[in-house]
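The values are calculated or read from the model by the stated rules, or taken from the named source; none is laboratory data. Note that the structure is predicted; figures quoted are calculated from it, not measured. Cβ atoms come from the backbone with ideal geometry, glycine included; neighbour counts cover every protein chain shown.
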Amino acid sequence: MNAEFISALEQIQKDKGIPKDILIETIEAALISSYKRNFGTSQNVKVDINQDTGEIRVYSQKRIVEEVEDELLEVSLSEAKKINPNYSLEDIVENEVTPSNFGRIAAQTAKQVVVQRIREAERTVIFEEFVNRESDIITGKVARVSKGVVFVNIGEIEAILAQSEQMSSDKYNHGDRIKTYITEVKNTTKGPQIAVSRTHPGLIKRLFELEVPEIHEGTVEIKSISREPGSRTKIAVESKNQEVDAVGACVGAQGNRVESVVEELRGEKIDIIEYSQDSTIFISNALRPAKVVSVKIDEGGKAARVVVPDYQLSLAIGKEGQNVRLAAKLTGWKIDIKSELQVVDKVRCSDEEEESAT
């Protein structure tokens with residue numbers, strides 16, 4: 001190595017942010033291993049790199065003891081004093097043992113160390129960039145699909161979209177731009193690993209934050225989300241300003257805001273519900289588009305009995321129970337739906353049973 005190599009380390013420090021001192025310390029440590037491996041010795045050695053000239057020197061190190069047991073590691077006090085009268089027990093005696101052909105080995109080792117450190121530094125930068133973006137949305141391009149797993153190019157790294165995090169309505173073609181939700185950022189031995197999702201409810205929240213300024217500013221708050229990815233979602237919103245219509249803000253003029261979200265989600269239906277602290281009103285709203293006649297709640301059992309018009313029963317329950325299932329998740333209440341006719345029949349049966357008993 002020479003002064004040009006030291007200049008190169010200084011340039012790396014400037015470009016990559018890796019301190020030159022740390023690079024040199026790492027190279028010195030690597031050179032110790034290289035020396036022992038190439039010259040077949042178990043003695044203690046120290047490598048010193050001149051930070052101005054790049055010159056490398058190797059020194060053997062022996063501890064001063066009263067009685068020598070290992071000549072590779074120890075030296076007697078009498079022998080040490082022949083070198084320097086000021087030596088005392090437990091001091092370390094250094095002796096230069098730099099091999100004549102060590103420069104070639106050193107250059108190769110140093111190159112490997114620097115390349116590795118640069119790679120580690122770049123991985124650290126990427127990890128630190130994304131670790132603070134967990135629970136955030138990110139746009140990327142489909143790089144490839146392998147065994148059902150989609151790899152999304154998000155810059156200097158590919159995020160992993162597992163099969164379990166994909167919507168059934170999604171089709172992934174090379175180069176497609178998609179928005180995903182960052183669920184986890186891990187630092188592994190192979191570098192940063194970023195897991196993303198298209199099914200997480202957080203994706204809905206972030207998409208609406210992008211489309212609705214009132215949500216981004218905090219004027220409108222998303223209180224809860226229930227979702228069956230690729231099929232249907234319900235979100236409950238509340239306005240912090242009486243002059244702002246929370247539902248209207250999310251829908252947008254001629255439905256343009258919610259339509260942008262629906263388009264990104266490949267046609268997933270979205271019901272925007274007005275939140276209410278009154279549980280009966282909130283449950284009634286959550287069952288929309290069905291109309292509700294009455295809601296009776298059981299606070300202890302966190303359950304609600306809902307009555308709807310006869311012609312609205314199937315709408316309230318939804319296909320395969322989806323509407324009531326999403327409403328229950330949205331509100332946090334167990335919901336039992338009956339039609340008006342079912343309620344009347346139940347009351348009639350109860351009356352008849354009482355009459356029979358008398």
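Structure notes:
- Where SER100 falls short, out of the listed (1) modelled with pLDDT of 85 or more; (2) of a type outside the set (Phe, Trp, Tyr); (3) part of a loop (DSSP other than H, G, I, E, B): (1)
- Odd one out for ALA110, checked against (1) assigned by TED's automatic domain parsing to the domain that holds ASP48; (2) over 30 Å from PHE39 (Cα atoms): (2)
- SER76 falls short on exactly one of the conditions (1) among the hydroxyl-bearing types (Ser, Thr, Tyr); (2) surrounded by 14 or more Cβ atoms within 10 Å (Cβ to Cβ); (3) in contact (Cβ under 8 Å) with a residue 24 or more places away in the chain; (4) over 29 Å from GLU10 (Cβ atoms), and that condition is (3).
- Test: residue in the stretch 162-182 that is part of a strand (DSSP E or B), modelled with pLDDT under 95, closer than 20 Å to SER146 by Cα and not charged (D, E, K, R): yes
- In the set (1) surrounded by fewer than 18 Cβ atoms within 10 Å (Cβ to Cβ); (2) in contact with a helix residue (DSSP H, G or I) (Cβ under 9 Å, 6 or more places away or on another chain); (3) modelled with pLDDT under 95, the condition left unmet by GLU221 is number (3).
- Any hit, the stretch 161-168, residues being over 14 Å from the mean Cα position of the chain (by Cα) and touching a residue at least 40 places away in the same chain (Cβ under 8 Å): yes
- Among the conditions (1) under 30 Å from THR188 (Cα atoms); (2) in contact with an Asp or Glu (Cβ under 7 Å, 6 or more places away or on another chain); (3) of a type in the set (A, V, I, L, M, F, W, C), the only one that ILE49 does not satisfy is (1).
- Pairs linking a residue in the stretch 119-132 that is closer than 19 Å to ILE12 by Cβ and not assigned by TED's automatic domain parsing to the domain that holds THR189 to a residue that is small (Gly, Ala, Ser) and not in a helix (DSSP H, G or I), with Cβ atoms under 6 Å and 6 or more positions apart or on different chains, are ARG123/GLY191.
- Tabulated pairs, the stretch 239-251, first in the same structural domain as GLU221 (by TED's automatic domain parsing), second surrounded by 18 or more Cβ atoms within 10 Å (Cβ to Cβ) and among the basic types (Lys, Arg), C-beta under 7 angstrom, 6+ apart or interchain: CYS250/ARG257; VAL251/ARG257
- In the stretch 185-207, residue modelled with the lowest pLDDT [restricted to those that are more than 13 Å from the chain's Cα centre (by Cα) and of a type in the set (Lys, Arg)]: LYS190
- Taken residue by residue, the stretch 238-248 has at least one member that is modelled with pLDDT of 95 or more, part of a strand (DSSP E or B) and closer than 20 Å to TYR275 by Cα.
- The residue pairs whose first member lies in the stretch 1-23 and is within 17 Å of ARG119 (Cβ to Cβ), whose second member is of a type in the set (Lys, Arg), and whose beta carbons are closer than 8 Å, counting only pairs six or more residues apart or on different chains, are LEU9/LYS20; ILE12/LYS20; GLN13/LYS20; ILE18/ARG117; ILE22/ARG117; LEU23/ARG117.
- With respect to the conditions (1) surrounded by fewer than 20 Cβ atoms within 10 Å (Cβ to Cβ); (2) of a type outside the set (Ser, Thr, Tyr); (3) at negative phi, GLY255 falls short on a single one, namely (3).
- Contacts under 8 angstrom Cβ, first residue in the stretch 208-228 being in a loop (DSSP other than H, G, I, E, B), partner among the aliphatic types (A, V, I, L, M) and surrounded by 18 or more Cβ atoms within 10 Å (Cβ to Cβ), 6 or more apart: VAL212/VAL220; VAL212/ALA249; THR219/ALA249
- Options ALA121, ALA107, ALA143, ALA80; residue that is modelled with pLDDT of 85 or more and more than 30 Å from LYS205 (Cβ to Cβ): ALA80
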